[in-house]
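A quick write-up on the structure given underneath.
The values are calculated or read from the model by the stated rules, or taken from the named source; none is laboratory data. All values reported here derive from a predicted model rather than from experimental measurement. In this analysis, Cβ positions are derived from the backbone assuming ideal geometry, glycine residues included, and neighbour counts consider all displayed protein chains. Note: accessible area is taken over every heavy atom of the protein model, side chains too, but ligands, DNA and RNA are not part of it. Shrake-Rupley method; radii C 1.70, N 1.55, O 1.52, S 1.80 Å.
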Amino acid sequence: MTSVGPRDLVLAVDVGGTTIKAEITDAADNVVCSGTVPTPQGEAAFEAMGELGDRLLAESAASSMAQRTSLGQGRRVARAAVVLPGIVDPVRSLAVFSSNIGWRDVKVGTRFADRWRMPVLIEHDVAVAGWAEWRYGAGRGYDDVCVLILGTGISGTLSIGGRLVRGAAGQAGEYGHIPVRHRDGLRCPCGNIGCVETVASGASIARAYAERTGREISGAEAVFAVLDSDPDARAVVDDAVDALAEGLFGVIHATCPELVVLGGGLARAGAALTGALQDRLAELLCVAPVPRVVLGEFGARAGLVGAARYARAGALE
Ligand SMILES: [Zn+2]
């Protein structure tokens, strides 16, 4: 693969359930141009990614041309990375499945590389977001780090001995589907009962609060907002923290991470979440050392920041 030089730009595309975000950035993460479009359902999403990339590349080429006129040199976009939700097979360049957007077995292949005339990497959005938090965000400098991306679902990454664990099928990090309420839990969309996600995802927290109080609430953030004044909110969040801690219990005994990083939309709850999880782990763990629990640095931008870093690095190392 051709290398990306320090003066080269990269194109990062982060595909979410509601919007596709893209940026062209330089080596210092300065944004040269950016854009957001709604995510169409099904395979049409891939055409929308292509068009958004086209638009940003045209903008970047125009500004590079202007620079060349004034400074005698322009900058090229050397590589792109597209990060996708659901199940992704980067080796076969396949978007295997997204329940949110509704695609199955879409061959990405060379469609973006041909269109944009540059090497284009594809990866799983959470793998890239977790890798970015570990290597460049809250986990930098640590070799053994567990990153949880908390949002609509819960998954993340695990780094051991300075390497990202991908697993044989590339699907390591599905923390959300570790069962923690086998006997009396709710059915998870995955088919099992009592997965971490059925208690601790954003949607589950909002649903548990509504069921407990009979009051509809806009989302989990609204539950966190009234934590100090509303005992029902406190009980629901305590239950979610408990499920997260129990889900991490086996992971911590098996791998002994130094650090647990909480990223994604729900991590905006901040210390209410990190402090509570840290305390619960300290209560539960008798043998394994208690890891430090910290907030991610990139928040909801971890996927986009990660995609740009991945495009520049060429590998999740
Ligand atoms: Zn599940």
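A few comments on the model shown:
- Condition broken by Val236, with the remaining ones in (1) within 22 Å of Ala129 (Cβ to Cβ); (2) in contact with a helix residue (DSSP H, G or I) (Cβ under 6 Å, 6 or more places away or on another chain) satisfied: (1)
- Residue satisfying condition, being part of a loop (DSSP other than H, G, I, E, B), open to solvent by 20 Å² or more (accessible area, probe 1.4 Å) and not small (Gly, Ala, Ser), within set Arg181, Arg234: Arg181
- Number of positions in the range 123-182 that are within 16 Å of the ligand (Cβ to nearest atom) and under 15 Å from the mean Cα position of the chain (by Cα): 16
- If the condition is being of a type in the set (A, V, I, L, M), open to solvent by less than 50 Å² (accessible area, probe 1.4 Å) and in contact with a Ser or Thr (Cβ under 8 Å, 6 or more places away or on another chain), then the range 268-317 contributes Val293, Val294, Ala308.
- Options Leu244, Leu248, Leu259, Leu227: the member that is touching a Gly at 6+ places or on another chain (Cβ under 7 Å) and of a type outside the set (Gly, Ala, Ser): Leu259
- Search result, residues across the range 237-264 that are within 14 Å of Leu281 (Cα to Cα), open to solvent by less than 20 Å² (accessible area, probe 1.4 Å) and assigned to a helix (DSSP H, G or I): Ala240, Val241, Ala243, Leu244, Ala245, Gly247, Leu248, Ile252
- Single match in Ser155, Ser93 (criterion: in contact (Cβ under 8 Å) with a residue 12 or more places away in the chain, at positive phi and open to solvent by 10 Å² or more (accessible area, probe 1.4 Å)): Ser93
- Test: residue in the range 211-230 that is within 15 Å of the ligand (Cβ to nearest atom), hydroxyl-bearing (Ser, Thr, Tyr) and modelled with pLDDT of 95 or more: no
- Per the listing Asp239, Asp230, the residue uniquely touching a residue at least 12 places away in the same chain (Cβ under 8 Å), out of contact with any Cys (no Cβ under 6 Å at 6 or more places or on another chain) and not hydrophobic (A, V, I, L, M, F, W, C) is Asp239.
- Evaluating Ile193 against the criteria (1) among the aliphatic types (A, V, I, L, M); (2) without any contact (Cβ under 8 Å) to a residue 24 or more places away in the chain; (3) more than 15 Å from the ligand (Cβ to nearest atom) leaves one unmet condition, (3).
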